[in-house]
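Here's the structure, in structure tokens; my notes come after.
The values are calculated or read from the model by the stated rules, or taken from the named source; none is laboratory data. Predicted model, so just to flag it, every value in this text is computed and none were measured. Using ideal geometry, Cβ is built from the backbone for each residue, glycine included, and neighbour counts are taken over all protein chains shown. For the accessible areas, the whole protein counts, side chains as well, though only heavy atoms, and no ligand, DNA or RNA atoms are used. Shrake-Rupley method; radii C 1.70, N 1.55, O 1.52, S 1.80 Å.
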Amino acid sequence: MDGSPLAKGINPEEQEEFFIDILDKEEALSTLSITVVGASGDLAKKKIFPALFALYYEDCLPKNFIVFGYARTKLTDEELRNIISTTLTCRIDKRENCKDKMEQFLKRCFYHSGEYNSEENFAELDSKLKKKETGKLSNRLFYLSIPPNIFVDVVRCASMMASSANGWTRVIVEKPFGRDSESSAELTRCLKKYLTEDQIFRIDHYLGKELVENLSVLRFSNLIFEPLWSRNYIRNVQFIFSEDFGTEGRGGYFDNYGIIRDIMQNHLLQILALFAMETPVSLDAEDIRNEKVKVLRSMKPLELEDVIIGQYKGHNKGGRAYPGYTDDSTVPKNSITPTFAAAALFINNARWDGVPFLMKAGKALHRKRAEIRVQFRHVPGNLYKRNFGTDLDKATNELVLRVQPDEAIYLKINNKVPGLGMRLDRSDLNLLYRARYPTEIPDAYERLLLDAIAGERRLFIRSDELDAAWSLFTPLLKELEAKKIAPELYPYGSRGPIGAHYLAAKYNVRWGDLGGEDD
């Protein structure tokens, strides 16, 4: 201790430089090896490699890093680079050295072909990694961009034959994490034969989206919102996810899972847990995840009467024919897999008792969107009730967080229209991200990859969180499948099945995205 800079009483600026020097030396002595397993697949090409390049472009990756693609497809290093190069883009506001940066990044990309269950092939990968790591401390990150049925084979081979001998080894696992409670628990058990919980990073890319990240900031750092965040002031909360396209020839995967497993049980439920959780002790990953688990465990299990399912059918619009779900050649003709679902969920705790949390997710709907809508209670004894007529919902304040497209946060308020009369209008206090922040918003995969490299687990899903999420949906899914409940058909490009409106009306709620204005 006597020889340390702290003991010598150096000033803060020198102290900071001392620690920066130490960190620089540590970085120079270590290397980061990222292996994308399933490198020839769509997710890797469209999302993972572009996200890694964006991090490199922004100087967010360590000085010494390499990227390996691993898949069964036979490719050379150069062929992989050619495939990747077609999907890389530079930030809109910094294009001047784009080409140079791309070339430098691609030189760090390599490829190894092998079977997913071959220990020998992973041993060959390990040899290649060691050559590139040149004896430095090696930290290794494996991204599993592969079907779930081969997760365990890859983890077994990678952990036994290609783990780091002197640094950390981490594995990012993409959803789906099983089909129900039992298969999810079995997957977790098998993964934990070869990895510790701290090595497993279960990714849900929706948690990396800018507006979802901003949800906690909005609530916990603004005094005007936190006191209102309860059953006393909030009438209902809506989580809406819609796509304006169908399965488009890629229904094989989807038909095995359906919209409830694909979107509701993970993306929307994770956002709900973040929205409804109590204030965590700190921003530490475990503190946040503890609060999310408490929310999930407090929730009433879903019942069939609180769920509506639908499936899109063919439709002619504007002289164009849009195919139905079962018209897709990759989908069985008699499939009853839902492409739409709406559900009412309830949290049995003091803060949220009796407040309906409505979820809606669907494909082939009239608009692409993902948003959170918070509808506040009516003003008691409203002096201006006469000016709104009988429809008090039009006078209700509403907070909207639009996750995509055109990220925005806006609050619907009532105000007087200028003039001599007393005419009221509903207006938006609007934070439109593209207007306020002209820089490009990073893709969710960039944030999540950066967090995994740093060992930050806040936005990744813990195993007990996963168990609690599946326990809510598994009984419902089993009942739907056992009773072979047929989904309500809705036309491609419509607003979804009529049943969703009846479900909302049952709890005296109107879906917030069905207004005539820009919703």
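For the range 172-222, give me each residue that is in a helix (DSSP H, G or I) and among the small types (Gly, Ala, Ser).
If the condition is that a residue be in a helix (DSSP H, G or I) and among the small types (Gly, Ala, Ser), then 181, 183, 184, 185, 208, 216 are the ones that fit.
Being crowded, with 23+ Cβ neighbours inside 10 Å and part of a helix (DSSP H, G or I) is the filter here; which residues of the range 237-260 pass it?
Across the range 237-260, the qualifying residues are 258, 259, 260.
Free of Cβ contacts under 8 Å to residues at least 40 places away in the same chain, farther than 27 Å from residue 356 by Cα, out of contact with any Gly (no Cβ under 8 Å at 6 or more places or on another chain) and not assigned by the TED database to the domain that holds residue 261, is that true of residue 454? Before the answer, list the steps.
Details: free of Cβ contacts under 8 Å to residues at least 40 places away in the same chain: yes; farther than 27 Å from residue 356 by Cα: yes; out of contact with any Gly (no Cβ under 8 Å at 6 or more places or on another chain): yes; not assigned by the TED database to the domain that holds residue 261: yes.
Taking the combined requirement at face value, the residue satisfies it.
Of the residues 204, 198, which single one is in contact with a strand residue (DSSP E or B) (Cβ under 9 Å, 6 or more places away or on another chain) and either open to solvent by less than 20 Å² (accessible area, probe 1.4 Å) or of a type in the set (A, V, I, L, M, F, W, C) (or both)?
Selected residue: 204, the only one of 204, 198 that is in contact with a strand residue (DSSP E or B) (Cβ under 9 Å, 6 or more places away or on another chain) and either open to solvent by less than 20 Å² (accessible area, probe 1.4 Å) or of a type in the set (A, V, I, L, M, F, W, C) (or both).
Please go through the range 304-352 and pick out each residue that is touching a helix residue (DSSP H, G or I) at 6+ places or on another chain (Cβ under 6 Å) and open to solvent by 70 Å² or more (accessible area, probe 1.4 Å).
Listed by number, the list holds a single entry, 333.
Of everything in the range 96-125 that's in a loop (DSSP other than H, G, I, E, B) and more than 18 Å from residue 36 (Cα to Cα), which residue is least open to solvent (accessible area, probe 1.4 Å)?
97
Can you tell me how many residues within the range 42-66 are part of a loop (DSSP other than H, G, I, E, B) and surrounded by fewer than 18 Cβ atoms within 10 Å (Cβ to Cβ)?
Residues meeting the conditions: 5.
Considering the range 183-218 alone, what residues qualify as being more than 21 Å from residue 144 (Cβ to Cβ) and without any contact (Cβ under 8 Å) to a residue 40 or more places away in the chain?
Correct list: 217 only.
Scan the range 399-418 for residues that are more than 30 Å from residue 244 (Cα to Cα), modelled with pLDDT under 80 and out of contact with any Asp or Glu (no Cβ under 7 Å at 6 or more places or on another chain) and jot them down.
The answer is 414, 416.
Could you go through the range 387-398 and let me know if any residue there is at pLDDT 90 or above and either open to solvent by 10 Å² or more (accessible area, probe 1.4 Å) or on the phi > 0 side of the Ramachandran plot (or both).
The answer is no; no qualifying residue exists.
Please specify each residue of the range 331-359 satisfying the condition of being farther than 16 Å from residue 269 by Cα and in contact with an Asp or Glu (Cβ under 6 Å, 6 or more places away or on another chain).
331, 335, 337
Exactly one of these conditions fails for residue 154: (1) more than 19 Å from the chain's Cα centre (by Cα); (2) open to solvent by 10 Å² or more (accessible area, probe 1.4 Å). Give me its number.
(2)
Can you find even one residue in the range 272-291 that is over 20 Å from the mean Cα position of the chain (by Cα), at negative phi and crowded, with 22+ Cβ neighbours inside 10 Å?
For the range 272-291, residues over 20 Å from the mean Cα position of the chain (by Cα), at negative phi and crowded, with 22+ Cβ neighbours inside 10 Å: absent.
If we scan the range 447-459, do we find a residue that is of a type in the set (Gly, Ala, Ser), open to solvent by less than 60 Å² (accessible area, probe 1.4 Å) and farther than 30 Å from residue 406 by Cβ?
We begin by selecting, within the range 447-459, every residue of a type in the set (Gly, Ala, Ser); these are 452, 454-455.
Filter once more, so that each one left must be open to solvent by less than 60 Å² (accessible area, probe 1.4 Å): 452, 455.
Now restrict to residues that are farther than 30 Å from residue 406 by Cβ: 455.
Checked the range 447-459: at least one residue is of a type in the set (Gly, Ala, Ser), open to solvent by less than 60 Å² (accessible area, probe 1.4 Å) and farther than 30 Å from residue 406 by Cβ.
Residues of the range 494-519 being modelled with pLDDT under 90 and of a type in the set (Gly, Ala, Ser), which ones?
Across the range 494-519, the qualifying residues are 512, 515, 516.
List, please: which pairs have Cβ atoms under 9 Å, are six or more places apart or on different chains, and start with a residue in the range 424-435 that is touching a residue at least 60 places away in the same chain (Cβ under 8 Å) and open to solvent by less than 60 Å² (accessible area, probe 1.4 Å) and end with one that is part of a strand (DSSP E or B) and β-branched (Val, Ile, Thr)?
That search, which allows pairs on different chains as well, returns 433/409.
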